[in-house]
1. Could you figure out which of (1) touching a residue at least 60 places away in the same chain (Cβ under 8 Å); (2) within 20 Å of LEU107 (Cα to Cα); (3) open to solvent by less than 20 Å² (accessible area, probe 1.4 Å) isn't true of ILE32?
2. Please find, within segment 48-82, the residue that is farthest from ILE9 (Cα to Cα) out of those that are surrounded by 14 or more Cβ atoms within 10 Å (Cβ to Cβ) and without any contact (Cβ under 8 Å) to a residue 40 or more places away in the chain.
3. Write out, first by first residue and then by second, each pair whose Cβ atoms fall under 7 Å of each other, whose residues are 6+ apart or on separate chains, and whose first residue, in segment 105-129, is within 21 Å of TYR43 (Cα to Cα) while the second is charged (D, E, K, R) and assigned to a helix (DSSP H, G or I).
4. Would you check which residues across segment 196-222 are open to solvent by 20 Å² or more (accessible area, probe 1.4 Å), of a type in the set (A, V, I, L, M) and farther than 19 Å from ILE156 by Cβ and list them?
5. What number of residues in segment 83-128 are under 20 Å from the mean Cα position of the chain (by Cα), open to solvent by less than 30 Å² (accessible area, probe 1.4 Å) and closer than 30 Å to CYS213 by Cα?
6. Considering only helices (runs of 4 or more DSSP H) fully contained in segment 66-163, which possess at least 1 residues that are farther than 29 Å from GLY302 by Cβ and out of contact with any Ser or Thr (no Cβ under 7 Å at 6 or more places or on another chain)?
7. I'm checking my understanding of the structure. Among residues of segment 282-293 that are assigned to a strand (DSSP E or B) and over 16 Å from the mean Cα position of the chain (by Cα), which one is farthest from ILE308 (Cα to Cα)?
8. Keeping to segment 297-319, report how many residues are in contact with a strand residue (DSSP E or B) (Cβ under 9 Å, 6 or more places away or on another chain) and modelled with pLDDT under 95.
Amino acid sequence: MSNIETVVIVGAGQAGASAILELRGNKYEGKIILIGDETHLPYERPPLSKDVILKPSDTKIEILSQEKLTELGVETIRGNGVQKIDATAKTVELQNGDVVAYDKLLLATGGAARRLPNFDALGKHVYTLRNLEDSQALVPVLQKGQRIILIGGGVIGLELASSARYKECDVTVIEMGPMVMGRSSPRVLSEFLLAQQQLAGVDVRLSTSIADCKLDGEEVVVTLANGEELRADAVVYGIGIVPNAQLAVEAGLDVDFAIKVNENCQTSNADIYAAGDVATQLRADGEFRRVETWENANLQAGIFARHIMNVEHPVANPAWFWTDQLNINYQFVGDMAASEWQVRGEINPELREQSSFVLFGVTDGVIVGGITVNAAKEMRHLKKLISKNAPFEADKYLDLSQDLRKLVK
């Protein structure tokens, strides 16, 4: 597709940065314009809940430096986001009124924190975590002896609980559901995650609703549905994200909760693509699904770049993500809704960071998911087993005397 003279990428995050690397890696020689509403160069978000808070001066999260962008021949526009797309004219209008033309447009605008208006109305002492400024704002907040309430027991909530305990804060996690990380992990692992938080001194409240919140001087008072009052020096909430899809809505693209894209990451307009948290993609089973992971942002950026360069997509790998909590590394691959889970090793929460085991997710006798806990070297083998629809053989895969690597042909 040599007639593509200009590619415009809206959103200077993981997907946007990956798209640049994929385009140049696939020999695209035209103009690339990267537009971001933040003033920063592209940076990674996973460290925001961990190292940026714990080791702010030692943590480097930049994906592409200005030198690298210059080397790649990328024009960057920072702190001046897109406010309108004209799909007919194939232009985008920036916040300052400038107009930029494109041949192909990638929307990689990510998402914004889902809001809790009652807490937002309190103003001070209430925080969310989505961007670098949010993370930096938490550094002076998460200090020894501070009472911190975290609303939401998902990945971000538990990572923040881990960071806050490392900083010797008093931490309470409030989760409406019956499990921590209930959307992304099976019960057997959720129970282990919960035990780790409790052993670290985190007060985890499951199946708990909030009735009210208010400021009392310099304290935030959170009233639970059962009438109990919790007092804190700060509240951080993380209850999911809302895709930044308004540009697409106003441009007349097909949008439900997120921007709907096909297997090539194309929107309902063939010259406009979307990738990352803002996109919900048509899957092989005919359903649209949105995946909020670092890996998915990279994968969809690659799909976009290869499609406009007319390069064949490689065979898709099973979905993978990770989290680090309380000095324990967890990695997940494949279907977390598998009908049963089998344990290789021993689940002993008391071992804390010495714990090491593997979980096999099995549906209809086939390995469809896998989890490693402090056993990252086994992840590549789980990915292979899932990719080949390997039947689960308990006598082989649960026998610790057998090297998992040698069992994967």
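The values are calculated or read from the model by the stated rules, or taken from the named source; none is laboratory data. Since the model is a prediction, treat every value here as computed from it, not as a measurement. With ideal geometry, Cβ positions are generated from the backbone for all residues, glycine too; neighbour counts draw on all protein chains shown. Only protein heavy atoms, including side chains, enter the accessible area calculation; ligands, DNA and RNA are left aside. Shrake-Rupley method; radii C 1.70, N 1.55, O 1.52, S 1.80 Å.
1. Result: ILE32 fails condition (1) only.
2. Going through the qualifying residues, I end up with ASP51.
3. Taking only residues 6 or more apart or on different chains, the pairs are GLY110/ASP277; GLY111/ASP277; TYR127/ASP134; THR128/ASP134.
4. Result: LEU199, ALA211, LEU215.
5. Adding up the residues that qualify gives 4.
6. 117-120, 132-138
7. Step by step, filter segment 282-293, then rank; the result is PHE288.
8. Matching residues across segment 297-319 total 3.
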